[in-house]
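Below: one structure, written as structure tokens.
The values are calculated or read from the model by the stated rules, or taken from the named source; none is laboratory data. What you see is a predicted model, and the numbers here were worked out from it, not measured in a lab. Cβ placement follows ideal geometry from the backbone for every residue including glycine, while neighbour counts extend to all protein chains displayed. Note: accessible area is taken over every heavy atom of the protein model, side chains too, but ligands, DNA and RNA are not part of it. Shrake-Rupley method; radii C 1.70, N 1.55, O 1.52, S 1.80 Å.
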Amino acid sequence: MSQNFDFIALGDIVTDAFIKLKDTEAKVVCDTKGKPCQICMNFGDKIPYENVVVIPAVGNSPNAAVSASRLGLTSALVTNLGDDSYGKEALETLEKAGVKTDFVTTHTDEKTNYHFVLRYGAERTILVKHEEYDYHLPDIGAPKWLYLSSLGENSLPFHQEINDYLNNHPEIKLAFQPGTFQMQLGLDKLKFLYEKAETFFCNKEEAQKILANTTSNIKELLQAMHAVGPKIVIITDGAEGAYVYDGTNTWHMPIYPDPKPPVDRTGAGDSFASTFTACLALGLSIPEALERAPINSMSVVQHIGAQAGLLPRETLEKYLIEAPAGYKVAQI
């Protein structure tokens, strides 16, 4: 490739079928003993649903690639598809979104990842299945940023291949937003990537899980994660906002107020992480990136799926100019 991209995202791609459940046919039960809430429906019944919306070319990394493209960066995606209709649709969708597909591998006689998203109110439960692709890293040149996120359970050797590539291209900055399997692997098996990460993103509960640390003290979690290796650690905490630590300074940013009740929270974390990283790639400072990231999250949750609400930079900046008085970065 003669072009060196600003931003290349690397991770699995999926088609999501969003199934909106009727609140008269399902309910959420929360155990007072601290167990996770559960969505309940009658076993053996035919359960009516309100509607289904099918959205191609999504997933943590595809969402990030689209986000970066809309913010004005040259963006590409490294991922794997099956040679089915869902794979063809995914390629077309990425191209329409301005994401280059030069590094997308289509596997003959294999399926494209397909997930079912059960929507209940603004929350969702996702039924996931990652196809077991033969992962290999193409020659991606030397992008300014490589954004790594969710991969399948057979991808551990692939992470070493990514590490080798970064060793040979130390000028590339790594943003790491671990997916479920990557978190399950634990710190030791992926320590080499944590140590290379320029930026690292997770929410508070994920930080507790990764670090095996039950503290609710955000500063302690930030410092513990920074000690693992990432230069800039970003931990989100739902309605409490987001926190950033760079080894010296700690910042807090509140959420951007929702104009209306959220429609679907899918992709809120992806939009935050990708916007923060894209802003750094655009030359903005950590506080400036932190001001802008929650705006894209606010916009995304006003739509079904993780990409429809992603903003172009001009619109994002307009929201920032019009932000309420309390929407400010604070050093803590």
Query raised in the report: Can you list the lysines whose alpha carbon sits under 28 Å from that of residue 209, skipping same-chain ones fewer than 8 residues off?
Result: 27, 33, 35, 129, 173, 189, 191, 196, 219, 231
Report task. For the chain, with all protein chains present and a 1.4 Å probe, just round the carbon and sulfur fraction of the accessible area to a whole percent. Result -> 50
Report task. Compute the distance in nm between two label points, each set 7 Å from the Cα along the Cα-to-Cβ direction, one at residue 35 and one at residue 228. Result -> 2.8
Query raised in the report: Could you give the Stokes-Einstein D for the stretch 73-125 in µm² per second, using the C-alpha Kirkwood radius, 25 °C, 0.890 mPa s?
Result: 196
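Could you tell me what fraction of 2.2 N^0.38 Å the Cα radius of gyration of the chain comes to, as a two-decimal ratio? Before the final figure, lay out each step's value.
Details: Rg = 19.3 Å, N = 332, 2.2 N^0.38 = 20.0 Å.
Working it through for the chain, the quotient is 0.97.
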Query raised in the report: Dipole size in debye (nearest 20) for the stretch 31-108 around its Cα centre, Lys and Arg Cβ +1, Asp and Glu Cβ -1?
Result: 300
Query raised in the report: Given H placed 1.01 Å from N in the peptide plane, which residues other than close sequence neighbours of residue 142 have an amide H under 5 Å from its amide H?
Result: 5
Report summary line: Applied in sequence order to the stretch 255-262, the curve 6.51 cos²θ - 1.76 cosθ + 1.60 (Karplus, θ = phi - 60°) yields integer Hz couplings, x standing for Gly and Pro, of 6, 7, x, 6, x, 9, x, x
Query raised in the report: Cysteines of the chain lacking any other cysteine beta carbon under 4.7 Å?
Result: 40, 202, 279
Requested in this report: Quick one: which residues, 5 or more positions from residue 114 or on another chain, have an amide H under 5 Å from its amide H? H modelled 1.01 Å from N in the peptide plane, none for Pro or chain starts.
Outcome: 15, 129
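Note down the magnitude of the dipole of the chain about its Cα centre, charges +1 on Lys and Arg C-beta and -1 on Asp and Glu C-beta and zero elsewhere, to the nearest 20 debye. Working shown, then result.
Working: 29 positive and 42 negative charges, 181 e Å.
That gives the chain a dipole magnitude of about 880 debye.
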Requested in this report: Would you kindly state how much longer the chain becomes between residue 45 and residue 285 on full extension, computed as 0.36 nm times their sequence separation minus their alpha carbon distance, in nm to one decimal?
Outcome: 81.0 nm
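How long is the gain from residue 53 to residue 258 if the chain were fully straight, where each residue apart is worth 0.36 nm and the alpha carbon distance is subtracted? Kindly include the intermediate steps, with their values, before the conclusion.
On the way: separation 205, 0.36 × 205 = 73.80 nm, distance 2.29 nm.
Answer, rounded to one decimal: 71.5 nm.
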**Report entry** Extended-chain gain in nm, criterion 0.36 nm per residue less alpha-carbon gap, residue 187 and residue 105
**Finding:** 26.6 nm
Query raised in the report: Is it possible to state the helix-based mean residue ellipticity at 222 nm for the chain, with each DSSP H run of 4+ residues giving -39500 (n - 2.57), the sum divided by total residues, to the nearest 500 deg cm²/dmol? What is it?
Result: -9500 deg cm²/dmol
Query - the stretch 1-86: antiparallel DSSP beta bridges as a percent of all, rounded to 5 - result: 70
